[in-house]
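K.L.:
Dropping a structure here in structure tokens format, bear with me for questions.
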Amino acid sequence: MCDEETINKPSDFIREAVAEDLKNGRFNYVRTRLPPEPNGYLHIGHVKAFMIDYLIAKENGGELILRFDDTNPAKEETEFVEAIMDDARWLGIEWVKVTYASDYFDELYEWAKKLVMMGKAYVDDQTPEEVSANRGTLTEPGKNSPFRDRDVEENLDLLERMKNGEFPDGSRILRAKIDMAHPNINMRDPAMYRIIHEPPHHRTGSKWKIYPMYDWAHGQNDSMEGITHSLCSLEYENHRPLYEWFPEQLGVFKPRQIEFARLNLTYTVMSKRKLRRLVEEKHVSGWDDPRMPTLRAMRRRGYTAEAIHDFIRRVGVAKNYSVSDVSLLEACVREDLNKTSLRRMAVIKPLKVVIDNYPEGQTEEMDAVNNPEDPNAGTRKVPFSKVIYIEQDDFRETPPPKYYRLFPGNEVRLRYAYFIKCTHVVKDDKDEVVEVHATYDPTTRGGDSADGRKVKSTIHWVSAAHAKEAEIRMYDRLFTKEDPEEGDEGFLACINPNSLQILTGYVESHLAAPEAGSRYQFERLGYFCADPDSTSEKPVFNLTVNLKDAWAKLEKKSGK
RNA sequence: UGGGGUAUGGUGCAAUGGCAGCACACCAGCCUUUGGAGCUGUGGAUCUUGGUUCGAAUCCAGGUACCCCAGCCA
């Protein structure tokens, strides 16, 4: 009955509201805005907001404006403007223009004067402490400022002099005159402008000595740009009465603000402050450390934009406070990479295997499939010889129950090569197995036996003589607790000491000189992405996400 | 003890008065030259108490829990 388009079209309370606004004529077009503050790098939490703004505009034939919210020179830098645009472009977000809150400082100032002339705003000479004390509490009303009823001329004069830098920081503010007894504290004569002499603004330099507060700037910028839907997170719900009050007084275009729950992820912290601590206190190597939830880090780690889009789509949009499971993100990454990435063989914890009955000095070229999910990816030749490396996990001297891999007397398949059977091992003086010996069956070339004999396991390998040494960076969750902020010790107390393991392994020759950013599946291990740290001497690979591992799960369950 | 919000399987999201469904996770099986992928199947949820109704996750009333707000941050 219903066609697929109807079924697959995302639907949520915001899209419904937008559709309703269009239908009933409140607006006859859709324009949204992306309002990042250029004071840090984008993280996965921002992506949800970005996708909502971008897609809702796009779905309605509307447009998106990228507007940097640069109203506080103390915190903002041009460096972040560039980084944010780079990340947003990588995500595939398109905007019709880039603007800055600071583009509107002049006009905004005129609007402020208009409010002053209307008797709706005044200059307050109280100290910050007095302003705070007179604001009242959650349960008690505030007290009017003694400067609240200054006449218009004086207010105008003072405001102009504030702008000209005649007064020191913190000595005066411009306030909207609303209601000091309002039950919503945001309506108790909120500050509109504060005095800031230093540092210079990243775009307007030293022109301005006063800067608008978020509540004053953001909504008016929305109005000036003809934004129809100003979509933001739940904590701004309390600000909506103020958001609507200003344009109402001014008699200007009134956008509609709609709030939704921000994205949270298990085993992750998302606040800029906490992320900054991780970087500054060197718990990670930087903002692009692959363990970080920043987009730069996720890109470096090998996540695709498609997988991230899919994740955001599956998380949905609602007003519930929620914490999404990071395993959903990982599932999205696996699903995308499974279809697209080339398979390669790599051994990350090598164990030497000598095939005693294989001719010394002989090399064969084995045919290997590049991607079983994609026939067009073709095949490649992989060299095989007498001495190979296999994964330490793929050999046990004394196998536990249900262990199908290599152990003395057992036969397994070397992927795309031969069946081999373990004959004996060589140990060092610490009783550790350092070398495994085996024999191969020449009639099983390619991996199929002539007599129909079955093996229970197929393992990967690389030829010792042809392998390239590589650095493998194995990443795990940065925190050991689902909610790192839970408890009294703070998030730094539950940092996972094993979130990064650096291994030296061997990769097949096709991986000897990878292009940075190229993605592969290392068979039976996981998805890996070549890191920019790679050199011609030694390639470096980051674990993007591991493959699901039924054996590891089984072993864990049996209480290893 | 003010105001604004939110409550549906373990997690996230649907169901807009008419059989509570989807995804991830979990569990079992099939298949497999990746213990991957794929396929099949099982289990498990409407915060609570009343009310309206033939029928309530949905409407009404009361309660409970949790989140946000007292920056000259955004």
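The values are calculated or read from the model by the stated rules, or taken from the named source; none is laboratory data. From a predicted model like this one, the values you see are computed outputs, not experimental measurements. Note that we place each Cβ from the backbone using ideal geometry, even for glycine, and neighbour counts take in every protein chain shown. For accessibility, only protein heavy atoms count, side chains too; no ligands or nucleic acids. Shrake-Rupley method; radii C 1.70, N 1.55, O 1.52, S 1.80 Å.
K.L.:
What are the residue pairs meeting all of these: first residue in the range A:535-551, first residue touching a residue at least 12 places away in the same chain (Cβ under 8 Å), second residue within 9 Å of RNA strand B (Cβ to nearest atom) and among the polar types (S, T, N, Q), Cβ atoms under 8 Å, and 6 or more apart or on different chains?
P.N.:
Filtered contacts from the range A:535-551: A:LEU547/A:GLN521.
K.L.:
Would you confirm whether or not the range A:50-69 contains a residue that is in a helix (DSSP H, G or I), farther than 21 Å from A:TYR214 by Cα, away from RNA strand B (no atom under 13 Å from the Cβ) and hydroxyl-bearing (Ser, Thr, Tyr)?
P.N.:
yes
K.L.:
Does the range A:203-215 include one or more residues that are within 13 Å of RNA strand B (Cβ to nearest atom) and in a helix (DSSP H, G or I)?
P.N.:
Within the range A:203-215, one or more residues are within 13 Å of RNA strand B (Cβ to nearest atom) and in a helix (DSSP H, G or I).
K.L.:
While we're on this one: I'm checking my understanding of the structure. Among residues of the range A:188-217 that are out of contact with any strand residue (DSSP E or B) (no Cβ under 8 Å at 6 or more places or on another chain) and open to solvent by less than 10 Å² (accessible area, probe 1.4 Å), which one is nearest to A:ASN134 (Cα to Cα)?
P.N.:
Ranking the qualifying residues of the range A:188-217, first place goes to A:ARG188.
K.L.:
Out of A:ARG273, A:ARG277, which single residue is in contact with a Leu (Cβ under 8 Å, 6 or more places away or on another chain) and either open to solvent by 10 Å² or more (accessible area, probe 1.4 Å) or charged (D, E, K, R) (or both)?
P.N.:
A:ARG277
K.L.:
If A:GLU235 meets every condition in (1) part of a loop (DSSP other than H, G, I, E, B); (2) within 10 Å of RNA strand B (Cβ to nearest atom); (3) closer than 28 Å to A:PRO141 by Cβ apart from one, which number is that one?
P.N.:
Status for A:GLU235: all satisfied but (1).
K.L.:
Further question: What are the pairs, 6+ residues apart or on separate chains, where a residue within the range A:147-158 that is within 19 Å of A:PRO128 (Cβ to Cβ) has its Cβ under 9 Å from a residue that is part of a loop (DSSP other than H, G, I, E, B) and of a type in the set (Phe, Trp, Tyr)?
P.N.:
Between residues of the range A:147-158 that are within 19 Å of A:PRO128 (Cβ to Cβ) and residues that are part of a loop (DSSP other than H, G, I, E, B) and of a type in the set (Phe, Trp, Tyr), the close pairs are A:LEU158/A:PHE167.
K.L.:
Shifting gears a bit: Is there any pair with a first residue in the range A:231-246 that is open to solvent by 50 Å² or more (accessible area, probe 1.4 Å) and a second that is near RNA strand B (Cβ under 7 Å from one of its atoms) and among the aliphatic types (A, V, I, L, M) whose Cβ atoms are under 7 Å apart and which are 6 or more apart or on different chains, and what are they?
P.N.:
Short answer, once both residue conditions are applied: none.
K.L.:
Condition first: within 15 Å of the chain's Cα centre (by Cα), of a type in the set (D, E, K, R) and within 15 Å of RNA strand B (Cβ to nearest atom). Can you find one or more residues in the range A:274-294 that meet it?
P.N.:
Yes, some residue in the range A:274-294 is within 15 Å of the chain's Cα centre (by Cα), of a type in the set (D, E, K, R) and within 15 Å of RNA strand B (Cβ to nearest atom).
K.L.:
State whether one or more residues within the range A:458-470 are surrounded by 22 or more Cβ atoms within 10 Å (Cβ to Cβ), among the aromatic types (Phe, Trp, Tyr) and not in a strand (DSSP E or B).
P.N.:
no
K.L.:
Scan the range A:518-560 for residues that are within 24 Å of A:VAL326 (Cβ to Cβ) and touching a Gly at 6+ places or on another chain (Cβ under 8 Å) and jot them down.
P.N.:
A:ARG519, A:TYR527, A:PHE528, A:CYS529, A:ALA530, A:ASN542, A:LEU543, A:THR544, A:VAL545, A:ASN546, A:LEU547
K.L.:
Can you name every residue in the range A:247-264 that is in a helix (DSSP H, G or I) and open to solvent by less than 40 Å² (accessible area, probe 1.4 Å)?
P.N.:
A:PRO247, A:LEU250
K.L.:
Here is a follow-up. Out of the residues in the range A:164-176 that are of a type outside the set (Gly, Ala, Ser) and surrounded by fewer than 20 Cβ atoms within 10 Å (Cβ to Cβ), which is farthest from RNA strand B (Cβ to nearest atom)?
P.N.:
Only one residue tops the list, namely A:ASN164.
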